[in-house]
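Chemist: So that we are looking at the same thing, I have put the structure below in C-alpha cells.
The values are calculated or read from the model by the stated rules, or taken from the named source; none is laboratory data. This is a predicted model, so every value here is computed, not measured. Cβ: placed from backbone, ideal geometry, glycine included. Neighbour counts: every protein chain shown. Surface accessibility is based on the protein's heavy atoms, side chains included, excluding ligands, DNA and RNA. Shrake-Rupley method; radii C 1.70, N 1.55, O 1.52, S 1.80 Å.
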Amino acid sequence: MGYTLTMLGCGVMGQAILSAIYNAPKSENASLYPSKIIACNGDAPAANQVTDLIKGYGESPNGIVVESTFGDNIAAVKQSDVIILGTKPYLVELVMNELTHVVKGKLIISIAAGWTISQLQGYSNVVSRVMTNTPAKYGYGCAVIAHSSEVNTEQKQLVSELISNVGVCVELPEKNMDAATSLVGSGPAYVLLMIESMMESGIKMGIPLAESLKCTLQVLEGTVKMVEKSGTHPSVLKHQVCTPGGTTIAGLCKMEEYGVKNGIIKGVEEGAIVAAKLGKK
C-alpha cells in the first residue's frame, strides 16, 4: 500500500493538480504515488464537484482512489503523510491553525500564492512551495518549485514526480516565486487576452469567429514550436518575419505605438508585486 495524500482546498488550481496526478501514466516509481487522495473542501457542493470530476475519468492508471470530503480537515490530515495546501491565500492561516497539532513534521506542498516557506514552517519544517497554472489540468501546465532545506532527497523526488504530471517543471530559489506566480500562475490569462485580441481583430476585418479563432490558435502553437525547435531568440525570429516596408513591421510599429510590449512587462511585474503581498494579509 502507498501513502495517503490530503489536499486542503480543491478549487480550480487544486483540481488541475488532482487531475494531473490521478491521470498520470502508469509509473515504474509506484511508491512515489499515493494510494489514496483525500480532497478536502469547505462545503458539500465543492466536494460534490470533485466527486463528479473524478467520476468522469474512470480508473487511475496508478490505482489512486479519491475521497472527497468537507468540514473534517483534522481527520484527513491525521491519516496522511503528505499535504497539498491549495486554499486561497487569505484562508491559509484559518485552515492551518486548527491543524498545528496534527501536521507537524509532515511534508507540506503549498500552492498558496504569497505564503513563504518560512511562514509555512510555523506549521511544519518540511515545505515545498509550488506555483503552477490551470493548463495543468490537461497536462500542458508549467510548475516552479522551491524547497525548504529540511526537504530530503527522497521527498524532493516525490514532489518532482507528482508535480511533473502538470507538464513542465522548473526548480528555482524561493526568491523567484512571486515573479513565477505572475509569469506562470497568471500567465494563461495574459496569453488568453492576446488570443482574444487576435481573434477579435480577425472578426473586425471580416473573418468569421470560428475560423479566426482556429487561425489564432495555430499561429500561437506554431510560433511556440518554432521557438522551441530552433533555439533562436524570439527577437531574432521576429525580425526574420519583417520585410522592409512590409505588413509585419508596420503592425509591430503600431503595437509599439500603443505600448503593447511595455504593457505586458508592466502587467507581469504588477502581478508579482501583488503576489508578494498576499501572504502578508
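Chemist: Quick check: Cα centre of segment 61-118 to Cα centre of segment 192-241, how many Å?
Modeler: Computed from Cα coordinates, the inter-centre distance equals 40 Å.
Chemist: Tally the DSSP beta bridges in the chain and give the antiparallel ones as a percent, rounded to 5.
Modeler: Of those bridges, close to 15 percent are antiparallel.
Chemist: Take the Cα atoms of the chain, find their three principal axes, and give me the spread along each one in whole Å, biggest first.
Modeler: 68, 39, 36
Chemist: So how tilted is helix 44-55 from the main axis of the chain? Cα-based, degrees 0 to 90, rounded to 10.
Modeler: For helix 44-55, the angle is close to 70 degrees.
Chemist: Still on this model: Can you work out the FRET efficiency for the pair Asn29 and His101, with r the C-beta to C-beta distance and R0 = 25 Å, to the nearest 0.05?
Modeler: 0.20
Chemist: Quick check: at a probe of 1.4 Å, how many percent of the accessible area of segment 1-55 sits on carbon and sulfur atoms?
Modeler: In segment 1-55, the share of accessible area belonging to carbon and sulfur is 54 percent.
Chemist: Multiplying the sequence separation of Thr51 and Lys204 by 0.36 nm and subtracting their Cα-Cα distance, what value in nm do you get?
Modeler: Stretched fully, the Thr51-Lys204 segment lengthens by 50.9 nm.
Chemist: Full-extension gain between Ala44 and Gln240, please, as 0.36 nm times their residue separation minus the C-alpha to C-alpha distance.
Modeler: Gain on stretching Ala44 to Gln240: 65.0 nm.
Chemist: Same structure again: Which value, in debye to the nearest 20, gives the size of the charge dipole of the chain about its Cα centre, when Lys and Arg are +1 and Asp and Glu are -1 at the Cβ?
Modeler: The dipole magnitude comes to about 300 debye.
Chemist: Report, in degrees rounded to the nearest 10, the 0 to 90 angle that the Cα long axis of helix 247-257 makes with the longest principal axis of the chain.
Modeler: The angle comes out at about 60 degrees.
Chemist: Follow-up question, since we're still on this one. Using a 1.4 angstrom probe, figure out how much accessible area segment 44-123 has per residue, in square angstrom, rounded to the nearest whole.
Modeler: So segment 44-123 comes to 49 Å² accessible per residue, rounded to a whole number.
Chemist: Per the 1.4 Å probe, what fraction of the accessible area of segment 189-262, in percent, lies on carbon and sulfur atoms?
Modeler: Of the solvent-accessible surface of segment 189-262, carbon and sulfur hold 67 percent.
Chemist: In straight Cα distance, which aspartates and glutamates are under 15 Å from Lys266, not counting same-chain residues fewer than 8 positions off?
Modeler: Candidates past the 8-residue exclusion: Asp178, Glu256.
Chemist: May I pose another question? With a 1.4 Å probe and every protein chain kept in, tell me what percent of the accessible surface of segment 57-165 is carbon plus sulfur.
Modeler: C and S fraction of accessible area: 51 percent.
Chemist: What percent does the relative contact order of the chain come to when contacts are Cα pairs within less than 8 Å and at least six residues apart?
Modeler: Over the chain, the number comes to 17 percent.
Chemist: Something else: Return the whole-Å distance between the Cα centroid of segment 1-53 and the Cα centroid of segment 127-182.
Modeler: Each part's Cα centre sits 16 Å from the other's.
Chemist: 222 nm [θ] for the chain, helices only, -39500 (n - 2.57) per DSSP H run of 4+, per residue, to 500?
Modeler: My calculation for the chain gives -14500 deg cm²/dmol from helical runs alone.
Chemist: Among Lys26/Lys214; Lys26/Lys55; Lys175/Lys280; Lys26/Lys106; Lys36/Lys106, which pairs are too far apart, with a Cα-Cα distance over 22 Å?
Modeler: With Cα atoms farther than 22 Å apart: Lys26/Lys214; Lys26/Lys106.
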